[in-house]
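Structure first, then comments.
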Amino acid sequence: MGMDIYKYHVSAPPNIHLCLSFSMDSPLKFQEQSKGFLFDSVLHKQAGFPKEFLWPDLVRAQQELSEPLVDLEGFFKGDEEATKQAANIIKDACSRHGFFQVINHGVDPNFIRDAEDYMDRFFRLPVSEKLKARRMPGSLCGYSGAHADRYASKLPWKETLSFRYHENSSDLVVLDFFKSTLGNDFEQTGMVYQKYCEAMMDLSFAILELLAISLGVDRKLYRKFFEDGFSILRCNFYPPCQEPGNTLGTGPHCDSNSITILHQDQVGGLEIFTNNVWQTIPPLQGALIINIGDTFTALSNGKYKSCLHRAMVNKHEQRKSLAFFLSPREDKVVRPPQELVCSEGTRMYPDFTWLNLSRFVQNHYRADDNTLQNFTNWSQSVNL
């Protein structure tokens, strides 16, 4: 993409005009008149389908992805044969498309149920209340309505609430986020998501160990790398849409973090791109979805693919999902183990920090299927 400049101009609802422009060497810039573009007002006040949400020429998925499940029961019991089998399934999946599903993962189903149910407590609030948690420019955390604070066309048909989690202190960081942002009435909600994040972190360590085994490196290598990391939990709420064929809940992209653990409700809508076609991922009760992200692609020296995926919307039902994004500490250097470099004979990506990649995606670039390579090109051009 070089240093080309891209501009998007759209006509928003009456007396609102949005203009977004960005280049590979300058931050996103927003010019916004009036009070801004609120997703909630689009849903309830605007007649007809708002063109800001239009995704032209959508190609529909024609088939369902059929892949073996990764059963973690044997791994947790220390069964070496079962662990080897799980690692082999992971290796095959990550080499082809970067997606797999785990069962018998050890996460209390009550945590998952509560985390899904408690989403309604926030997303059913009036807009004025939700905006108390509004995500600030450049931040990864807070409330966003269709990401209209960042983009002006091809908006996703969803609302999100994102917050940080880490284990670097005795503070209950998720609980503190809810209480400080939304008040003491959300203390119980904060505890629900605090417990959910703790469970996701435990599962992340198990997945990291299996990823290391599958790549033939020290099984504790990646676990140690992420022990002092910072993660994000994102609650995704997709309202019903009268024209689901014209828009997307989430556009096609690869996650820029390391691994994503996703719970989707029973409505469904997730699709991944593999074998040159979009394929659906039907909900599977009790299973959790694992996506490889760009940072882990770099940590594997390109052996494992970052999963290209998108989310569809439903005409009659709302959809909810929970995405736990695992990332390293911001200042840690992302570098593959030497064994993987030697086996390939060359480095696929230069050293970088998660902070720089994260800032690139937040301030310079809309994530797609080529984020990591464009970040590499950009970082070399500005001598990061």
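Couple of notes before you dig in:
- The loop-placed trypsin sites (Lys or Arg not before Pro) in region 277-338, going by DSSP, that have at most 13 neighbouring Cβ atoms within 10 Å of their Cβ come out as K315.
- Shape category assigned to region 143-222 from the gyration tensor of Cα positions, a/c cut at 1.5: oblate
- Based on C-alpha pairs under 8 angstrom that are at least 6 apart in sequence, region 45-179 has a relative contact order of 21 percent.
- The chain - percent of accessible surface contributed by carbon and sulfur, probe 1.4 Å: 48 percent
- Spin-label model, E73/E198: points 7 Å from Cα along the beta carbon direction are separated by 2.7 nm.
- Helical contribution to [θ] at 222 nm, DSSP H n ≥ 4, -39,500 (n - 2.57), averaged over the chain, rounded to 500: -9500 deg cm²/dmol
- Dipole magnitude for the chain: computed about the Cα centre from +1 point charges on Lys and Arg Cβ and -1 point charges on Asp and Glu Cβ, it is near 1020 debye.
- Database remark: amide H of R134 closer than 5 angstrom to the amide H of Y143 (H placed geometrically; neighbours at sequence offset of 5 or more, or on other chains; Pro and chain starts carry no H).
- Additional length obtainable on full extension of the chain from S128 to N370, 0.36 nm per residue less Cα span: 83.5 nm
- Estimated distance in nm for a label pair at Q63 and D351, the labels positioned 7 Å out from Cα along Cα-to-Cβ: 4.4 nm
- The equivalent ellipsoid that matches the C-alpha gyration tensor of the chain spans semi-axes of 32, 25, 21 angstrom, in descending order.
- R0 of 22 Å, Cβ-Cβ distance A82-D108: FRET efficiency to nearest 0.05: 0.50
- Electrostatic bookkeeping for G74 treats Lys and Arg as +1 and Asp and Glu as -1; over the other residues with beta carbon under 10 Å from its beta carbon, the sum is -3.
- Normalised by the number of residues in the chain, the mean separation of alpha-carbon contacts (under 8 Å, six or more apart) gives a relative contact order of 20 percent.
- For region 180-187, putting each phi into the Karplus relation 6.51 cos²θ - 1.76 cosθ + 1.60 with θ = phi - 60° gives couplings of 6, 8, 10, x, 5, 4, 9, 4 Hz, in residue order, rounded to whole numbers and with x for Gly and Pro.
- Using a simple spin-label model with pseudo-atoms 7 Å out from Cα toward Cβ, N184 and D331 lie 3.7 nm apart.
- Accessible surface area normalised per residue over the chain is 44 Å², counting heavy atoms of protein chains with a 1.4 Å rolling probe.
- Taking the centroid of alpha carbons for each part, region 266-330 and region 63-96 are 17 Å apart.
- Sites M136 and L221, calculated FRET efficiency, Cβ-Cβ separation with R0 51 Å, nearest 0.05: 0.90
- Förster radius 22 Å - calculated FRET efficiency between V277 and S95 (Cβ-Cβ, nearest 0.05): 0.75
- Alpha carbon Rg of region 70-204, scaled by the compact-globule rule 2.2 N^0.38 Å: 1.30
- Taking every C-alpha pair closer than 8 Å and separated by at least 6 residues, the mean separation divided by the residue count of region 92-170 gives a relative contact order of 17 percent.
- The alpha carbon convex hull volume per residue for region 316-384 rounds to 153 Å³.
- Max mean-square fluctuation residue, GNM over the chain, Cα-Cα springs under 10 Å, options G249, G345, G229: G345
- Diffusion coefficient (Stokes-Einstein, Kirkwood radius over C-alpha pairs, 10 °C, 1.306 mPa s) for region 264-328: 118 µm²/s, rounded to a whole number.
- Backbone HN-Hα couplings from phi across region 320-330 [Karplus 6.51/-1.76/1.60, Hz, Gly and Pro as x]: 10, 8, 10, 10, 9, 9, 8, 9, x, 4, 4
- The chain: angle of helix 354-363 to the longest principal axis, Cα-based, in degrees nearest 10: 20 degrees
The values are calculated or read from the model by the stated rules, or taken from the named source; none is laboratory data. Keep in mind it's a predicted model, so treat the numbers as computed, not measured. Note: ideal-geometry Cβ built from the backbone for every residue, glycine included; neighbour counts use all protein chains shown. Just so you know, the surface numbers come from the protein's heavy atoms only, side chains and all, with ligands and any DNA or RNA stripped out. Shrake-Rupley method; radii C 1.70, N 1.55, O 1.52, S 1.80 Å.
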